[in-house]
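Asks: This is the structure, below, for whatever I ask next.
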Amino acid sequence: MIESVGKPIDRVDGRLKVTGAATYAAEFPVKNLAYGVSVLSTITKGRVKIVDIAQAKKMPGVIGIMTSENSMQLHFPNASDPGGGKFAEKDLLPLQNDRVFYGGQHIAVVIAETFEQAEHAAATIKILYDEQAPVVGLEKNIATAYKPGAGLGGAETQTKRGDAEAALQTAAVKTDETYTTPVYHHNAMEPHATIAEWKGDELMVYDATQSVMGVKGLLTSMLGIPAEKVRVVALYIGGGFGSKGFTWGNTILAAMAAKQFNRPVKLVLSRQQAFSAAGRRTQTIQKLALGADQNGKLSAIKHATTSETSFVDEFVETAGVATSMIYSSPNVDVSHELVRLNRGTPCPTRAPGEAPGTYALEAAMDELANKLKLDPLQLRLINHADMEEQKKKQFSSKNLKECYQRGADAIGWSKRNPTPGVTREGKYLVGYGMATATYPANRSASTARATLFADGHAEILCGTQDIGTGTYTIATQIAADAFGLPIDKVKVKLGDSMYPKGAQSGGSQVTASVGPAVRAAALGAISKLIDLAVSDSNSSLHGYKKGDIIADNGRIHLKSNPVKAETYTQILNRNGLDKVEAQAKTNVSTRAQAPTPAPAGSPEAKAEEESKANAAVQADEKTDRTPYSFHSFGAQFVKVLVDPDLGTIKVDKIVGVMDIGKVMNLKTATNQIMGGMIFGIGMALMENTQYDPNNGRVVTRDLAQYLVPVHADIPEIEVQFIDKPDPYISPLGARGIGEIGITGITAAIANAIYNATGKRVRDLPITPDKLI
């Protein structure tokens, strides 16, 4: 049988999406649906004195108005991890008091028979504030910076080895510069949207989320209802990029309003509202110093990041997280500080930490190479890390040198003139730049259920979700190969909290986490089918050893004699069964976390018990991963054209070569890396959320003012993969790819612009005015 894993198979949900048949959170046909519109604060700090709803209440179609004075009381959430249910702002539960911490905070929700009626009524609400002076501006308040504890998922924020400061003092060559990145917003195509419906004491929620299990857990704790009474569905998600990894006020408010007014309620944030009420990437100021000998060998790296967070939660953009492992150096000092501002809370944004952090580090490496008069690629080869020196562990798999070589060949790196500002194509200045890409290879526990039906088709259930990355397709490929069936005979169902618990979509972990569980469950079902055959005296396989039998093309047969075979349908029909079913939980983490047993009597606990007899699970869980550090790597190469008169920048070509373990689907993998690269173009050249320096409110609140790359901005893009399985991460050998594509690319563009113009811009975005 021809294996489907790795092939560029079309998305199994592609036709549904292009024909409009894929149902997103705001599109479920719920009867008697009411519509909610949130009213947001127009001040940045203070208290609400009066919410005048008199006129709004009289408007046609208005069902009710929810404020802090009449809303239900919430419980504080009991989880801080997105997979377990992370509310984005733990100290600002929606509509629970009169305090205002930032502009664009939820103050009231109008519920009406139609969206237009709710929107009209919301516009008539008058709010009187007791306004206070807000804390605005990172640079102005840097004196208040403090050292935070751990970052998201326990990430270290202060890391040291050796004495970087002393080594810098004696270094033969050094650079010491400051790099800044602005606030970025996710701007997924699908807005943040929720439909909530109560049926008695049971709550049904359709939500645009990266974690159906996390939202279920959060609603359970915040509303104080049993977990079995809550169901969350997210069949399709139109992008999230981290913003839908945390749960924001709209989800909770929809459930509150539906309860209060005894109607199903839909609440969708507008594009403008999402700029304040649904997260963002934090602003950073990164001071990066490098020291090296005359040959380019690094003796010291010092990376100090100051970023900002809100007054209602703490989020750390760990920009230095990759700095301690990406290059070999005996002396490294990575630190992070936070400044609290009256802004909405930041949250993960595609490659949180690594995306802005690799910009600063890789730009600094380029500056060091120029001082040394050394090829930037050669500098990276000289300082290649053969092991993770901070943790003193071997990498589970690393082919970065091959990435460098293949990328250099593809971009034409040999044509690069090391002297900036001298190469031209017609009137344009030409520049080449490169950078290293990296992202951790995360994996966490996941459970799946596999069912093989007597009619010859199979089904997989898993409570993860496809946020647009291709999880439906990849899971189908993995299951098809394990079942020994063609793709069109396998149906994968995701995005429902009623299914076995799967990983949340964050940290590039779903394929590495869910894939092994899907495979093990499918193999478990086949194993049960083989048991039926070998114990059945009427079977041609009766009495043979189980290990001598394999499955393919919808049948099981002897390895040594394919003629000795039976179809799945024959076996099940003869035994009077309409299906055979298996569950598998792979309790594995690459984050050095001890496995957490499921609560006794829970469906997950039953899956754990069944998994004890699953050979695939046992082999996976018994693999010793403690000696290894799990990361993906890549090389980004860029060619740019710069108009010397106008300062306009055209990215002419990008080449990315990625070492991400085994490629599960060449088409979706290429798509993911290209998407990350396009994000990097936006970071480097145009994206920039602006705040009013006086009152701290967001100024760039829509896509007319917040610029993102469009088709005309996109260059020729070439993506290559090393495609060598990681032997330790899982039996599939695959690492995640959703985020590595955005790492390094921003620096590669900046470095190419320097090579073209001789002008080093260290504050993003690099706009024409900075080059003229």
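Asks: So which of Val710, Val699 ends up being closer than 18 Å to Leu341 by Cα and aliphatic (A, V, I, L, M)? Reasoning before the result, please.
Replies: Numbers: Val710 fails: closer than 18 Å to Leu341 by Cα.
Just a single option satisfies the conditions, and that option is Val699.
Asks: Considering each residue of segment 673-684, count those that are in contact with a Gly (Cβ under 9 Å, 6 or more places away or on another chain) and crowded, with 24+ Cβ neighbours inside 10 Å, and give that number.
Replies: First pass over segment 673-684, keeping only residues in contact with a Gly (Cβ under 9 Å, 6 or more places away or on another chain): 673-680.
So of that shortlist, the ones also crowded, with 24+ Cβ neighbours inside 10 Å come out as 673, 676-677, 679-680.
Result for segment 673-684: 5.
Asks: Of the residues Ala227, Ala188, which is free of Cβ contacts under 8 Å to residues at least 40 places away in the same chain and out of contact with any strand residue (DSSP E or B) (no Cβ under 9 Å at 6 or more places or on another chain)?
Replies: Working: Ala188 fails: free of Cβ contacts under 8 Å to residues at least 40 places away in the same chain.
After applying the criteria, what remains is Ala227.
Asks: Do we have Ala108 as small (Gly, Ala, Ser), surrounded by fewer than 15 Cβ atoms within 10 Å (Cβ to Cβ), at pLDDT 95 or above and over 30 Å from Glu362 (Cβ atoms) here?
Replies: Details: small (Gly, Ala, Ser): yes; surrounded by fewer than 15 Cβ atoms within 10 Å (Cβ to Cβ): no; at pLDDT 95 or above: yes; over 30 Å from Glu362 (Cβ atoms): yes.
Answer is no for this residue.
Asks: Are any residues in segment 437-462 under 30 Å from Val657 (Cα atoms) and among the hydroxyl-bearing types (Ser, Thr, Tyr), and if so, which ones? Full working, then the answer.
Replies: First, pick out the residues of segment 437-462 that are under 30 Å from Val657 (Cα atoms): 437-446.
Scanning segment 437-462 gives Thr438, Tyr439, Ser444, Ser446.
Asks: Now, a different point. For segment 525-640, list the helices (runs of 4 or more DSSP H) that sit wholly inside it and hold at least 1 residues that are touching a Pro at 6+ places or on another chain (Cβ under 9 Å) and without any contact (Cβ under 8 Å) to a residue 40 or more places away in the chain; which are they? If you could, list the steps in order and put the result at the bottom.
Replies: On the way: elements: 568-574, 603-611, 615-621.
So the answer is 603-611, 615-621.
Asks: Which of the residues belonging to segment 121-157 are out of contact with any strand residue (DSSP E or B) (no Cβ under 8 Å at 6 or more places or on another chain) and either within 26 Å of Ser68 (Cβ to Cβ) or assigned to a strand (DSSP E or B) (or both)?
Replies: Answer for segment 121-157, where residues must be out of contact with any strand residue (DSSP E or B) (no Cβ under 8 Å at 6 or more places or on another chain) and either within 26 Å of Ser68 (Cβ to Cβ) or assigned to a strand (DSSP E or B) (or both): Ala123, Thr124, Ala133, Pro134.
Asks: Among the residues that make up segment 744-752, is at least one of them of a type outside the set (D, E, K, R), out of contact with any helix residue (DSSP H, G or I) (no Cβ under 8 Å at 6 or more places or on another chain) and open to solvent by 10 Å² or more (accessible area, probe 1.4 Å)? Spell out how you get there, then give the answer.
Replies: Keep residues of segment 744-752 that are of a type outside the set (D, E, K, R), which gives 744-752.
Those still in the list that are out of contact with any helix residue (DSSP H, G or I) (no Cβ under 8 Å at 6 or more places or on another chain) too: 752.
When the remaining residues are screened for being open to solvent by 10 Å² or more (accessible area, probe 1.4 Å), the result is none.
Scanning segment 744-752 turns up no residue that is of a type outside the set (D, E, K, R), out of contact with any helix residue (DSSP H, G or I) (no Cβ under 8 Å at 6 or more places or on another chain) and open to solvent by 10 Å² or more (accessible area, probe 1.4 Å).
Asks: Write out, first by first residue and then by second, each pair whose Cβ atoms fall under 6 Å of each other, whose residues are 6+ apart or on separate chains, and whose first residue, in segment 20-31, is in the same structural domain as Leu269 (by TED's automatic domain parsing) while the second is open to solvent by less than 40 Å² (accessible area, probe 1.4 Å) and among the acidic types (Asp, Glu).
Replies: Cβ pairs passing all conditions: Tyr24/Glu190; Ala25/Asp207; Val30/Glu197.
Asks: Quick check, is Tyr706 modelled with pLDDT of 95 or more, among the aromatic types (Phe, Trp, Tyr) and under 22 Å from the mean Cα position of the chain (by Cα)? Break it down into steps so the answer makes sense when it comes.
Replies: Details: modelled with pLDDT of 95 or more: yes; among the aromatic types (Phe, Trp, Tyr): yes; under 22 Å from the mean Cα position of the chain (by Cα): yes.
Here the answer is yes, as Tyr706 does meet what is asked.
Asks: Moving to a separate point now. State which residue is farthest from Ala322 (Cα to Cα) when the search covers only segment 641-676 and only residues that are of a type in the set (D, E, K, R) and out of contact with any Pro (no Cβ under 7 Å at 6 or more places or on another chain). Can you show your working first?
Replies: The initial filter retains those residues of segment 641-676 that are of a type in the set (D, E, K, R), namely 643, 645, 650, 652-653, 659, 662, 667.
Filter again for out of contact with any Pro (no Cβ under 7 Å at 6 or more places or on another chain), leaving 643, 645, 650, 659.
Working: Asp643: 34, Asp645: 37, Lys650: 29, Asp659: 16 Å.
Among those residues, the one meeting the criterion is Asp645.
Asks: Related question: Looking at Glu337 and the list (1) surrounded by 23 or more Cβ atoms within 10 Å (Cβ to Cβ); (2) over 24 Å from Phe633 (Cβ atoms), which single condition is not satisfied?
Replies: That leaves (1) as the condition not met.
Asks: Let me ask something else about it. Mind listing whichever residues of segment 424-467 are open to solvent by 30 Å² or more (accessible area, probe 1.4 Å), part of a strand (DSSP E or B) and either touching a strand residue (DSSP E or B) at 6+ places or on another chain (Cβ under 6 Å) or basic (Lys, Arg) (or both)?
Replies: Within segment 424-467, Arg424, Tyr428, Pro440, Arg449, Phe453, Glu459 qualify.
Asks: In addition: Any idea how many residues of segment 288-312 are closer than 17 Å to Pro148 by Cβ and either of a type in the set (A, V, I, L, M) or open to solvent by 10 Å² or more (accessible area, probe 1.4 Å) (or both)?
Replies: Restricting attention to segment 288-312, the residues satisfying the condition of being closer than 17 Å to Pro148 by Cβ are 303-312.
Subset that is either of a type in the set (A, V, I, L, M) or open to solvent by 10 Å² or more (accessible area, probe 1.4 Å) (or both): 304, 306, 311-312.
Going through segment 288-312 one residue at a time, the tally reaches 4.
Asks: Quick one: count up the residues across segment 264-306 that are within 30 Å of Ala167 (Cα to Cα), in a strand (DSSP E or B) and under 20 Å from the mean Cα position of the chain (by Cα).
Replies: Going residue by residue through segment 264-306, those that are within 30 Å of Ala167 (Cα to Cα) are 283-306.
Retained after the next criterion (residues that are in a strand (DSSP E or B)): 284-292, 298-306.
Still in the list and also under 20 Å from the mean Cα position of the chain (by Cα): 284.
Residues meeting the conditions: 1.
Asks: Something else now. Given (1) closer than 27 Å to Ser444 by Cα; (2) in contact with a Pro (Cβ under 9 Å, 6 or more places away or on another chain); (3) open to solvent by less than 20 Å² (accessible area, probe 1.4 Å), where does Thr159 come up short, assuming only one miss?
Replies: (2) is the only condition that Thr159 fails.
Asks: Something else now. Output the residue which, of all residues in segment 68-105 that are part of a loop (DSSP other than H, G, I, E, B) and among the aromatic types (Phe, Trp, Tyr), is surrounded by the most Cβ atoms within 10 Å (Cβ to Cβ). Can you show your working first?
Replies: Just the residues of segment 68-105 that are part of a loop (DSSP other than H, G, I, E, B), to begin with: 68-86, 88-98, 101-105.
Checking the rest, the ones that are also among the aromatic types (Phe, Trp, Tyr) come to 76, 101-102.
On the way: Phe76: 11, Phe101: 23, Tyr102: 27.
Here the answer is Tyr102.
The values are calculated or read from the model by the stated rules, or taken from the named source; none is laboratory data. All values derive from a computational prediction rather than experimental measurement. Neighbour counts are summed over all protein chains in view; Cβ atoms, including those assigned to glycine, are modelled from backbone coordinates with ideal geometry. For accessibility, only protein heavy atoms count, side chains too; no ligands or nucleic acids. Shrake-Rupley method; radii C 1.70, N 1.55, O 1.52, S 1.80 Å.
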